[in-house]
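Asker: Just dropping this structure here.
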Amino acid sequence: MICARCDGPIREDEGYDTVISHGGSGAKPTQYVHTRPCKAPPRQSYLSRRLRR
């Protein structure tokens, strides 16, 4: 399984929680997250062309 927070693998010996996303009108996807807090992956940030001068 893959953790929805950190995109890392959840191994068999690690604990995990099941999270059901409520919202939208389609199927409600089941997501899995580590029981112990994990770090979110870094997000890429950049200035768009119109902001650069």
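Asker: Hey, among the residues in the range 24-38 that are in contact with a strand residue (DSSP E or B) (Cβ under 7 Å, 6 or more places away or on another chain) and in a loop (DSSP other than H, G, I, E, B), which one's modelled with the lowest pLDDT?
Answerer: In this case the residue turns out to be 28.
Asker: Pull out all pairs, ordered by first then second residue, where Cβ-Cβ is under 7 Å, the residues are six or more apart or on different chains, the first lies in the range 1-25 and is free of Cβ contacts under 8 Å to residues at least 12 places away in the same chain, and the second is surrounded by 13 or more Cβ atoms within 10 Å (Cβ to Cβ).
Answerer: 21/31
The values are calculated or read from the model by the stated rules, or taken from the named source; none is laboratory data. Since the structure is predicted, the reported quantities are computational estimates derived from the model, not experimental observations. Don't worry about glycine lacking a Cβ; one is built from the backbone with ideal geometry, like all the others, and counts go over all protein chains shown.
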